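Take a look at the structure below.
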Amino acid sequence: MASGTRPATPERGPSARRSIGTTVRRGLTFWRRSIQARVVASTLVLSAVVVSVVGWFLLQQTRDGLLENRVDAVVAEADNESAEALERLVAVPGTETDASTQASELAIPIIARGQTRGFDVVLGGPDSSETGLAAGGSVYTPGLDTSSVPRSLLDHFAASSDTAWTYAPIRTVAEDGSVASEPGIVVGSQVRLPSDGRARTLYFLFPLEEERETLALVTRALLTAGGLLLVLVAGMTWLVTRQVVTPIRAARRVAERLAAGRLQERVRVSGEDDLARLALSFNQMASNLQRQIRQLEELSRVQRRFVSDVSHELRTPLTTVRMAGDVLFDARADFDPVTARAAELLQTELDRFETLLVDLLEISRFDAGAAVLELDDVNLVDVAHRVVERNRPLAEQRGVSLVVRAPARPCLAEADVRRVERIVRNLVTNAIDHAGPPERGRSRVVVHVAGDDHAAAIAVRDYGVGLAPGESALVFNRFWRADPARARTSGGTGLGLSISLEDTHLHGGWLQAWGRPDEGAQFRVTLPRRAGTPLRQSPLPLVPADARERLAGATS
């Protein structure tokens, strides 16, 4: 095997990143949708904060209590040791000895007891407060680092003889020269040797190992109890919120089924609490809605049937009246001027009445859901030219010029040619009706055609009265007119735009309107290139280019 080689570590690829992204999105979705998870998480966070604060307070109290008891005990023990050692030294009969010998006789028994009882001892020299314990004349427990006695305690006994104590790390030197340190309490007590009467200071160094172990045990107990308490709180919160969330989720599922049309669905009611009464009220609301919806459906069915029946029944008398009107219209040259004019008006209104009947029948088919498409590949450029040529006499009569702006290539869409031509015809005649007066130089209607890989569109632009804010949505309502006093000059029935909208929706397309007062309007129909394909955008803008330029110039 070759040395210095190792298999390459596979890097995290795009699939792994997508998997992580998917997991994160699912987690965020679950967080947004689950009130139970948010309540449990919030309760856990608040409980963790409370448990942390209480635990910290208990630990502080426990530590302070342990240290206070230990300080009281070690100060008392240091005083007792100092007093007992001095009494033994004075009570021993014999000749007078020098101060250094008495110091050793004083310190050695205490050091021996300290080694068996777990504390260290340092007997300072006569000038240790000025020169330090390491300068000489000090007697201490073997292996103890005399620097464990803090300078602050030495300075204290330079000015006072009262017993004093302080916290300080206790350092010991092992045989291999390594230094170990542990927290402890250093207590200082002064004694006077009988030989010279000079004060010497005994320093007792008590380790806090037991207290540290006790505090660690208490800390582990508090952490364990806190963790168990948080788990218990999370479980209790989950169970409590589940009792509230479960009926709400059941009501949500029933509401979704009701919205989908399953009006017989109801929420199961159990108990007599607030949630049960809420479910009962929800069921009563659903029953009332179901009854009202059925009444409205029945009323709508009756209305559609009435319109359809009336439209069919009117065909027979209309045919008779049409025949009589045609006879009168053909013979109008033999009538006097008033009667001839009446025959012409009768013919015009009969044409309008017949168109209205056809539109009512078409509306009834849409309402009944009986309208179907006869799909074929339709070139919208040819449709625009055909519709414009058929309506050019009407436009010339109104003094309106018609212009088609279409590409040289075909703009194909899979559609019903009859319905598409009806949509464009209604838009063009509507634009002719609302085009500006010739004397203002705006009596012009422009038909735009465009297409791309996904959609094909036709936009009809006029420069007439335009639309007020909010009217672009109302213009497709049945029999709606911006000015009720305005007459329909082209003989329209008031249903053309409504039928055009239904035809467009039947193709899965868009029919939209834009307008601005005194700046004209534009209607745009957008159809998918293939039937059933959802639309995402239109190849033609809804707001005309000239309107955008004027708006940009006004803002600049």
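The values are calculated or read from the model by the stated rules, or taken from the named source; none is laboratory data. These numbers come from a predicted model, not from an experiment. Virtual Cβ from ideal backbone geometry, glycine too; neighbours counted across all protein chains shown. Just so you know, the surface numbers come from the protein's heavy atoms only, side chains and all, with ligands and any DNA or RNA stripped out. Shrake-Rupley method; radii C 1.70, N 1.55, O 1.52, S 1.80 Å.
Residue count for the stretch 236-263 satisfying the condition of being outside any helix (DSSP H, G or I), among the charged types (D, E, K, R) and touching a residue at least 12 places away in the same chain (Cβ under 8 Å): 0. When the stretch 139-168 is filtered for residues that are surrounded by fewer than 17 Cβ atoms within 10 Å (Cβ to Cβ) and part of a strand (DSSP E or B), the ones remaining, listed by number, are T166, Y167.
Right, A180: open to solvent by 30 Å² or more (accessible area, probe 1.4 Å), farther than 30 Å from V40 by Cβ, part of a helix (DSSP H, G or I) and of a type in the set (G, A, S) or not? No. Summed over the stretch 185-240, residues that are among the small types (G, A, S), at pLDDT 90 or above and in contact with an Asp or Glu (Cβ under 9 Å, 6 or more places away or on another chain) total 0. Among the residues of the stretch 264-283, those identified as part of a loop (DSSP other than H, G, I, E, B) and open to solvent by 80 Å² or more (accessible area, probe 1.4 Å) are Q264, R268, E272, D273.
Of the helices (runs of 4 or more DSSP H) contained entirely in the stretch 362-475, those carrying at least 2 residues that are at pLDDT 85 or above fall at 380-398, 417-434. Within the stretch 382-401, track down each residue that is in contact (Cβ under 8 Å) with a residue 40 or more places away in the chain and either out of contact with any Pro (no Cβ under 7 Å at 6 or more places or on another chain) or at negative phi (or both). Listed by number, the residues that qualify are V383, A384, V387, V388, N391, L394, A395, R398, V400, S401. Among the criteria (1) within 30 Å of L44 (Cα to Cα); (2) in contact with a helix residue (DSSP H, G or I) (Cβ under 9 Å, 6 or more places away or on another chain); (3) modelled with pLDDT of 80 or more, the one V254 does not fulfil is (1). For the stretch 487-501, the criterion of a residue being exposed (fewer than 13 other Cβ atoms within 10 Å of the Cβ) and at pLDDT below 85 is satisfied by at least one position. Scanning the stretch 509-528 for residues that are at pLDDT below 90 and outside any strand (DSSP E or B) yields P517, D518, E519.
For the stretch 225-234, taking the residues that are open to solvent by 50 Å² or more (accessible area, probe 1.4 Å) and under 15 Å from V53 (Cα atoms), the one that is nearest to the chain's Cα centre (by Cα) is identified as L229.
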